[in-house]
């Protein structure tokens, strides 16, 4: 079995999940607390990757991250390297593609918190930032677990977006989903079976573990 694509996919999923948790938690908190008229607009933008075809999203990310794109041109000037067909480009594309799978569990967890608990922290002198880290985050661990698991699993199985933005460069952008596609194209079904079964097993174990943890939390 070729472990290269599996390792690359796992690394991509780990980095993407980490970035989404760090950047997504404040956004999810804002969405759960705000009464701004812009909330539905932001929610719609966040959820768009769920309904957009991956090739459509990947096409516009390819333009945006390309050497002549708004972000890609700036990155070339800064680093001298292109974002497209690189691991860094894959991370950015994966964060966009998996964004709703991190935001929605966190937002749901934050919305379920008793408002009085947060207000009590404020009355005791905690700043909004202190209340977020000392009260909201510990009480929303179930949401964080769900966000991490779903983001990781969703990123691990990406195909359309990573193919458009990263191509198929061995050791750099050839993730496991693309490797499976290559094996099927060359009629190497045995290798395709092996990689596919690894993804199926991981998906089941990850989701089973998440549901089991959520069940135990609910029973407390």
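Among 146, 134, 98, the largest mean-square fluctuation in a Gaussian network model of the chain (Cα springs under 10 Å) belongs to 134. Any chance you could give the angle, 0 to 90 degrees and rounded to 10, that helix 70-79 forms with the longest Cα principal axis of the chain? Roughly 80 degrees between the two axes. Spread over its residues, the convex hull of the C-alpha atoms of the stretch 1-83 is 156 Å³ per residue. Set against the 2.2 N^0.38 Å expectation for a compact globular protein, the stretch 148-220 has a Cα radius of gyration ratio of 1.37. Helical content of the chain, expressed as a calculated mean residue ellipticity at 222 nm, amounts to -25000 deg cm²/dmol (DSSP H runs of 4 or more residues, -39,500 (n - 2.57) each, divided by residue number, nearest 500).
Do you know the relative contact order of the chain, to the nearest whole percent, from alpha carbon pairs under 8 angstrom that are 6+ apart?
The normalised contact order for the chain reaches 30 percent.
GNM, the chain, Cα, under 10 Å: largest mean-square fluctuation among 69, 209, 80? Of 69, 209, 80, the Gaussian network model singles out 80 as fluctuating most. Kirkwood analysis of the Cα pair distances in the chain returns a hydrodynamic radius of 18.9 Å.
Counting only alpha carbon atoms, the long axis of helix 141-156 and the longest principal axis of the chain meet at about 10°. What do you get for the angle between helix 54-65 and the principal long axis of the chain? Use alpha-carbon atoms, 0 to 90 degrees, nearest ten. Relative to the chain, helix 54-65 is tipped by roughly 90 degrees. The ranking of 7, 75 from fewest to most other beta carbons within 10 Å of each one's beta carbon is 7, 75.
Of 138, 100, 49, the residue with the greatest mean-square motion in the GNM of the chain, using alpha carbon springs below 10 Å, is 138.
Quick note: the coordinates plus some simple rules give every number you see, no bench work behind them. This structure is a prediction, so every number in the text was calculated from the model and none was measured. Don't worry about glycine lacking a Cβ; one is built from the backbone with ideal geometry, like all the others, and counts go over all protein chains shown.
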